[in-house]
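Data block below; observations after.
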Amino acid sequence: ENVLAELEPVHDRIRRSGLAEPSPFPYQPDLVEAYAKLGRLDDAVGVLDRFEGQAEKANRKWALAAAARCRGLLAEPTYLDAVFDRALKRHDDVPSRFELARTELVYGERLRRANRRRDARPHLRTALEIFDELGAEPWSERAHSELRATGEHVPRRRPDDREQLTPQELQIATLVAQGLTNREVGAQIFLSPKTVEYHLTRVYRKLGLHSRAELIRSFAAEREEPAAL
């Protein structure tokens, strides 16, 4: 509903303007997905038909791939594989790995909801891997949740895998684990609290943590572990 509140006015204004090129304002796939998630399928199809027509006329490869993904989002369960196969082939000509991951995610979601959990897992794994590589954290969380819903155990990154962290991230994590606030950390290493928070969020993602308290506990537990004999 929040997405619709943002995008419906955009859609109405662009439609009134007569703009037929999809690239300057690439909002349509998000609007289609929002309508679909709310069960407003007629609205989703209406936006998709217009978007797909524009993509074909302008021959915009990213838009054709995104439109194909949206077709998969709206397809009957019987036709999922055929529709998404076409969508994934469209991505061969599109350099954006983020867009590919979105298609893999939607494919996996649709398969899981069709009670094809085993088939869903490879697509959700691919989506999760790409989103993690790109640092697209909200998308990683969504893929992670979907993969767990298939019954697959998704191992969390171990806090002692420090090679995943950049030197600055490790420095920030160490200071936070000592109980310093973001402002105090920033004062020590000459960064703004907002920048510290940005790096700390990346630390959480890389180490599979979700809060400051978990970070402090993980560092404390590591200090308490006896040395290997």
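Here are the numbers for the structure shown:
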{"read-out": "Solvent-accessible ranking of S23, S218, largest area first, probe 1.4 Å", "value": "S23, S218"}
{"read-out": "Sequence-separation-based contact order of the chain, relative, with Cα cut under 8 Å and 6+ spacing, percent", "value": "11 percent"}
{"read-out": "Positive-pole candidate from L31, S17, L41, dipole of the stretch 12-62, charges at beta carbon", "value": "S17"}
{"read-out": "List F98, F84, ordered by accessible area with a 1.4 Å probe, largest first", "value": "F98, F84"}
{"read-out": "Principal semi-axes in Å for the chain [√(5λ), Cα gyration tensor, largest first]", "value": "40, 22, 15"}
{"read-out": "Candidate lysines - alpha carbon under 20 Å from K194, same-chain residues fewer than 8 apart omitted", "value": "K206"}
{"read-out": "Largest to smallest accessible area among L100, L215, L41 [probe 1.4 Å]", "value": "L41, L100, L215"}
{"read-out": "Computed lengthening from L19 to T174, 0.36 nm per intervening residue step minus Cα-Cα distance", "value": "50.6 nm"}
{"read-out": "Of all accessible heavy-atom area on the stretch 10-113, the percent that carbon and sulfur account for (1.4 Å)", "value": "49 percent"}
{"read-out": "Charged-residue dipole, Cβ positions (Lys, Arg, Asp, Glu), the stretch 1-145 about Cα centre, Debye nearest 20", "value": "360 debye"}
{"read-out": "Under 14 Å from the Cα of K61 - aspartates and glutamates, other chains or at least 8 residues apart", "value": "E21, E52, D92, D93, E99"}
{"read-out": "Reachable lysines, given that their alpha-carbon falls under 21 Å from the alpha-carbon of K57 and they are not under 8 places away in the same chain", "value": "K89"}
{"read-out": "Nearest-10 value in Å² for the accessible area of Y35, using the 1.4 Å probe", "value": "20 Å²"}
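The values are calculated or read from the model by the stated rules, or taken from the named source; none is laboratory data. Quantities reported herein were computed from a predicted structural model and do not represent experimental measurements. Heads up, the Cβs are rebuilt from the backbone with ideal geometry, glycines too, and the neighbour counts pull from every protein chain shown. The accessibility values were calculated without ligands, DNA or RNA, using every heavy atom of the protein model including side chains. Shrake-Rupley method; radii C 1.70, N 1.55, O 1.52, S 1.80 Å.
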